[in-house]
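Participant: My questions all concern the structure below.
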Amino acid sequence: GVSNYRLSRWQRAEAALGAPVLSNQVQFSLVTRGPMQDLLPWAQRTGHLVMAYSPLGQGLLSGRYSAAHRPSGGVRAANAMFLPENLDAAAPLLSLLREIGEGHGVTAAQTALAWLVHQPNVVAIPGASSVAQVESNAAAADVTLAADEFAALTAAAEAFRPRTGASAIPGLVRARR
């Protein structure tokens, strides 16, 4: 396998090796959907595997955070996704994750993981800091989303347009004060 390869590079690696490079580990979640453009369709056509790291958007999709309750330190505090305006923009998606999760008796995080692994040729590799989180993450594989739930989550994710990159720098500076 490889990690963070664009499709063309993945294909070149496979051609150079002369054998299948079966997997590509990439950032993929409801809030980082880039692999859906080309990596995932190709993997599904060819029997390759997309391994999704940060499948909970570094914790954004856990539902633990809001503009009123931001991460207090560590990597998340310096991540533009956790700026108040981005947390406000994520509120409809997070609300939908909670709503669908309640219908299945699971958490928002489990619902986000279920959306990801609902897709053929995708394996999620979420982080966990406790046995309980490992068990909760694994239980997400047992959640079967209805087609309308999957479509609603996809639409809500597509509507989420976070401020990132250079335009997020002023907000990150303000947040550090």
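The values are calculated or read from the model by the stated rules, or taken from the named source; none is laboratory data. Note that the structure is a prediction, hence the values are computed from the model and not measured. Using ideal geometry, Cβ is built from the backbone for each residue, glycine included, and neighbour counts are taken over all protein chains shown. Accessible surface areas use protein heavy atoms only, side chains included; no ligands, DNA or RNA. Shrake-Rupley method; radii C 1.70, N 1.55, O 1.52, S 1.80 Å.
Participant: If I filter the range 146-164 down to residues being open to solvent by less than 60 Å² (accessible area, probe 1.4 Å) and either on the phi > 0 side of the Ramachandran plot or assigned to a loop (DSSP other than H, G, I, E, B) (or both), which single residue comes out as modelled with the lowest pLDDT?
Facilitator: Within the range 146-164, the match that is modelled with the lowest pLDDT is PRO162.
Participant: Being at pLDDT below 95, touching an Asp or Glu at 6+ places or on another chain (Cβ under 9 Å) and not acidic (Asp, Glu) is the requirement here; does ALA77 meet it?
Facilitator: Against the criterion (at pLDDT below 95, touching an Asp or Glu at 6+ places or on another chain (Cβ under 9 Å) and not acidic (Asp, Glu)), ALA77 does not qualify.
Participant: Taking the range 44-56, which residues are surrounded by fewer than 23 Cβ atoms within 10 Å (Cβ to Cβ) and either touching a Cys at 6+ places or on another chain (Cβ under 9 Å) or touching a residue at least 12 places away in the same chain (Cβ under 8 Å) (or both)?
Facilitator: Passing the criteria: GLN44, GLY47, HIS48, LEU49, MET51, TYR53, SER54.
Participant: Quick one: count up the residues across the range 92-117 that are open to solvent by 20 Å² or more (accessible area, probe 1.4 Å) and within 13 Å of ALA157 (Cβ to Cβ).
Facilitator: 3
Participant: Based on this model, can you work out whether VAL123 counts as open to solvent by less than 40 Å² (accessible area, probe 1.4 Å), farther than 22 Å from SER72 by Cβ and at pLDDT 95 or above?
Facilitator: So VAL123 fails the test.
Participant: Turning to a different aspect of this structure: Please specify each residue of the range 117-139 satisfying the condition of being assigned to a helix (DSSP H, G or I) and either without any contact (Cβ under 8 Å) to a residue 12 or more places away in the chain or of a type in the set (A, V, I, L, M, F, W, C) (or both).
Facilitator: Listed by number, the residues that qualify are VAL117, VAL131, ALA132, GLN133, VAL134, GLU135, ALA138, ALA139.
Participant: Name the one entry in PRO71, PRO55, PRO92, PRO41 that is modelled with pLDDT of 95 or more and in a loop (DSSP other than H, G, I, E, B).
Facilitator: PRO55
Participant: What is the number of the single condition among (1) charged (D, E, K, R); (2) open to solvent by 50 Å² or more (accessible area, probe 1.4 Å); (3) touching a residue at least 40 places away in the same chain (Cβ under 8 Å) that ASP142 does not meet?
Facilitator: The single condition ASP142 does not satisfy is (3).
Participant: Which residue pairs have Cβ atoms closer than 7 Å, lie 6 or more positions apart in sequence or on different chains, and pair a first residue in the range 1-25 that is of a type in the set (Phe, Trp, Tyr) with a second residue that is in a loop (DSSP other than H, G, I, E, B)?
Facilitator: The qualifying pairs are TRP10/VAL21.
Participant: Also, quick follow-up: Being within 30 Å of ALA91 (Cα to Cα) and part of a strand (DSSP E or B) is the filter here, so list the residues in the range 1-33 that pass it.
Facilitator: If the condition is that a residue be within 30 Å of ALA91 (Cα to Cα) and part of a strand (DSSP E or B), then GLN25, VAL26, GLN27, SER29, THR32 are the ones that fit.
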